[in-house]
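The values are calculated or read from the model by the stated rules, or taken from the named source; none is laboratory data. Keep in mind the model is a prediction, meaning the values are calculated, not measured. Don't worry about glycine lacking a Cβ; one is built from the backbone with ideal geometry, like all the others, and counts go over all protein chains shown.
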Protein chains: 2
Amino acid sequence: MRVSDIGEFGLIELLSREFGLPYPPQPGARPRPGLLVDLGDDAVVTARRDGALVWTTDTMVAGVHFLPERTSWESVGWKALAVNVSDIAAMGATPHLALVTLCLPADHLVDDALALYRGLRQAAEAYGVMLGGGDIVRAPVFAITVALSGWADVPALGQPRVLTRSAARLGDVVAVTGNLGDSAAGLQLLLDGDAFTDEAHRLLRDAHERPQPAVECGKAAVRAGVHCGIDISDGLVQDLGHIARASNVGIRIDAARLPLSDALVSIYPGRAAGLALTGGEDYQLALVAPPPVMEALIAAAPCRVTVIGEVVHYEEPRVAVVDETGREIPLSRGGWDHLST
Amino acid sequence: MRVSDIGEFGLIELLSREFGLPYPPQPGARPRPGLLVDLGDDAVVTARRDGALVWTTDTMVAGVHFLPERTSWESVGWKALAVNVSDIAAMGATPHLALVTLCLPADHLVDDALALYRGLRQAAEAYGVMLGGGDIVRAPVFAITVALSGWADVPALGQPRVLTRSAARLGDVVAVTGNLGDSAAGLQLLLDGDAFTDEAHRLLRDAHERPQPAVECGKAAVRAGVHCGIDISDGLVQDLGHIARASNVGIRIDAARLPLSDALVSIYPGRAAGLALTGGEDYQLALVAPPPVMEALIAAAPCRVTVIGEVVHYEEPRVAVVDETGREIPLSRGGWDHLST
């Protein structure tokens, strides 16, 4: 059996079993001793007397996660750190220290490595991340792995104040930060070899190449009393599916309420909602909370927060998207899986 | 200019400059605000009120760091974690939490991935490491990256008690844990397609495939008052060169005092000392301290510690190896560089 036969999530499930850990975790499952949040969320959380540490890692491989001939190395550097910052944002925590590993072919250009580091540094400065070294190895293909830690508040003697996937409850509303679908549209334009001669096209490209993780919004959500959140990396429907399963609830999304940018609607009028639902790599946050808590967040948040749906009871944990008449829209594909072919 | 033209250390120097950090750090240079130990040591160290965090990461690429057809996937898993544990040991700290990233070709066998995880788990259990998740991505080549954090003691209001590369002083003695050269010999046997029919051959292979980082010895060194140490990954001479430059001292090694296993001497009688000096991947510790401190460590350490040389004054920071008559032995190559061709 090859890994492409079972896909990323199938493999994670098998490997987790090797450690005696069910994956995805059962709703209500307790974390292992020493962990406050275990595998199966955006990050794992460990406790210290004066705070909680939040840990995550993410990799980008040339030809798989980006096309070197269609993007700048500076953007690759920015994005490699930003996608990790997004996981810390999805916990409502503050990013802190990153370790960077580069796999470099021997004929990789030094100037390209320097451009990559410029992008890394720009993202590090934008998000207050300390770059704490790493490793450089020779490899037949370029890859960059960032491991990032962050801090979460821990009230005296209490649990850390973080956003988990398992805290959605019946009657909660579901909201997202920013706009959705721009990144997937930008990727489409890059693949099409677009010339990016106007502002709208460039905006979509930048959404794909220079995602702006919603760190301050995640922290504002924690302060407002939100307990449930995830970042939108694989696509809204797939990522909300993680919340549905971890919380054992149903989630209903109103397609008409999806926040879509003018640029997206003008360039892809027919596909905008589809890109927003399943496109992926938005690196916005999906947040779930009781209506009064969400209203408090919307009033206080440093970014736009749009309610797009509700937590409901279905026969099984799943995500449904409905149109303006309340009729469910069939989705051919809920996101993307890194290993399936 | 391609990265193979300037090598790993040349590239690190350029990339560090991009961040305004000299590399290797100047002797006496202060770490950046928020760091207790900055780039250029085995790990970086950040402070918390109740301890210090120690961070490191290391990658193994198929075909570069190991040959899948000559080793077991279980051993690859063990080693991927162990080499990181060794960096934490080299700080005198306790390993804690690991994030694991797998780059997998689509046709990678699921059974191989499971065997890899068995090896990872064995090493995690042996060294008390919590596996905190990670990332799995598709890539044209197999690679495994482990990011590992550890804890170091911090006396009240004081600096963390860790082993750095910059703390060697004139008059100190230089010692190493365990035996040297076994791993390089084991690699040679693996490359030669040896059948490993006797105990000595298997011992050398195991030294290469299942290194046993000296965590308890590193902690004992800190308790005994040792301040200077490094793990031997690139080869004794090259790694002591890092200490020589970071501490601005000379180091003289007596070849006759190198700790060599019976297995190594019996199988490679003519090459044993050379393998011990420059072979690499020993994952033992080199420790530097005043003679009374080293004597106290030798008496208390849970592993064998052998004095092999002294810190001396040379015209420039460098490592010299002398024979029994005190004559310097020329070394053709001090270690290996991951990017040079």
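Looking at the range B:86-135, which of its residues are more than 8 Å from chain A (Cβ to nearest Cβ), touching a Lys or Arg at 6+ places or on another chain (Cβ under 8 Å), surrounded by fewer than 24 Cβ atoms within 10 Å (Cβ to Cβ) and small (G, A, S)? The answer is B:G119, and nothing else. Would you confirm, using the coordinates I've provided, whether A:V162 is more than 9 Å from chain B (Cβ to nearest Cβ) and either closer than 16 Å to A:F66 by Cα or in contact with a strand residue (DSSP E or B) (Cβ under 9 Å, 6 or more places away or on another chain) (or both)? Spelling it out, A:V162 is indeed more than 9 Å from chain B (Cβ to nearest Cβ) and either closer than 16 Å to A:F66 by Cα or in contact with a strand residue (DSSP E or B) (Cβ under 9 Å, 6 or more places away or on another chain) (or both). Exactly one residue out of B:L287, B:L331 is among the hydrophobic types (A, V, I, L, M, F, W, C) and within 26 Å of B:V85 (Cβ to Cβ): that is B:L287. Just to verify a result, which residue in the range B:172-195, among those that are at pLDDT 95 or above and in a loop (DSSP other than H, G, I, E, B), is nearest to B:R70 (Cα to Cα)? Per the stated criteria, the residue is B:G181.
Somewhere in the range A:96-116, is a residue hydroxyl-bearing (S, T, Y) and out of contact with any helix residue (DSSP H, G or I) (no Cβ under 9 Å at 6 or more places or on another chain)? Lay out the reasoning, then the answer.
As a first pass, look at the range A:96-116 and keep what is hydroxyl-bearing (S, T, Y): A:101.
Filter once more, keeping what is out of contact with any helix residue (DSSP H, G or I) (no Cβ under 9 Å at 6 or more places or on another chain): A:101.
The answer is yes; a qualifying residue exists.
If you check B:D194, B:D182 for being surrounded by 18 or more Cβ atoms within 10 Å (Cβ to Cβ) and either on the phi > 0 side of the Ramachandran plot or among the charged types (D, E, K, R) (or both), only one passes: B:D182.
Which ones in the range B:286-304 are closer than 18 Å to B:G171 by Cβ and either among the acidic types (D, E) or within 19 Å of the chain's Cα centre (by Cα) (or both)? Quick ask: steps written out before the conclusion?
Within the range B:286-304, the subset closer than 18 Å to B:G171 by Cβ is B:286-298.
Selection gives B:A286, B:L287, B:V288, B:A289, B:E295.
Taking the range B:197-280 and the helices (runs of 4 or more DSSP H) fully enclosed by it, the elements with 1 or more residues that are surrounded by 24 or more Cβ atoms within 10 Å (Cβ to Cβ) and β-branched (V, I, T) are at B:215-224, B:236-247.
Here are some residues: B:S233, B:S183. Which one is within 14 Å of chain A (Cβ to nearest Cβ) and out of contact with any strand residue (DSSP E or B) (no Cβ under 7 Å at 6 or more places or on another chain)? Break it down into steps so the answer makes sense when it comes.
On the way: B:S183 fails: within 14 Å of chain A (Cβ to nearest Cβ).
Residue meeting the stated conditions: B:S233.
For A:H65, the conditions (1) in contact with a Ser or Thr (Cβ under 9 Å, 6 or more places away or on another chain); (2) crowded, with 20+ Cβ neighbours inside 10 Å; (3) in contact (Cβ under 8 Å) with a residue 24 or more places away in the chain are fulfilled apart from (3).
Is it true that A:V83 is more than 7 Å from chain B (Cβ to nearest Cβ), out of contact with any helix residue (DSSP H, G or I) (no Cβ under 7 Å at 6 or more places or on another chain) and not in a loop (DSSP other than H, G, I, E, B)? Give the derivation first.
Details: more than 7 Å from chain B (Cβ to nearest Cβ): yes; out of contact with any helix residue (DSSP H, G or I) (no Cβ under 7 Å at 6 or more places or on another chain): yes; not in a loop (DSSP other than H, G, I, E, B): yes.
The answer is yes for A:V83.
The set of residues in the range A:136-150 being at the interface with chain B (Cβ under 7 Å from one of its Cβ atoms), outside any loop (DSSP other than H, G, I, E, B) and either among the β-branched types (V, I, T) or over 17 Å from A:V83 (Cβ atoms) (or both) consists of A:I136, A:V137, A:R138, A:T145.
Cβ separations smaller than 7 Å between residues 6+ apart or across chains give the following pairs from the range B:258-273 residues that are within 12 Å of B:L203 (Cα to Cα) to residues that are charged (D, E, K, R): B:S261/B:D182; B:A263/B:D182; B:L264/B:D182. In summary, A:R138 fulfils each of the numbered conditions (1) assigned by TED's automatic domain parsing to the domain that holds A:R245; (2) crowded, with 19+ Cβ neighbours inside 10 Å with the single exception of condition (1).
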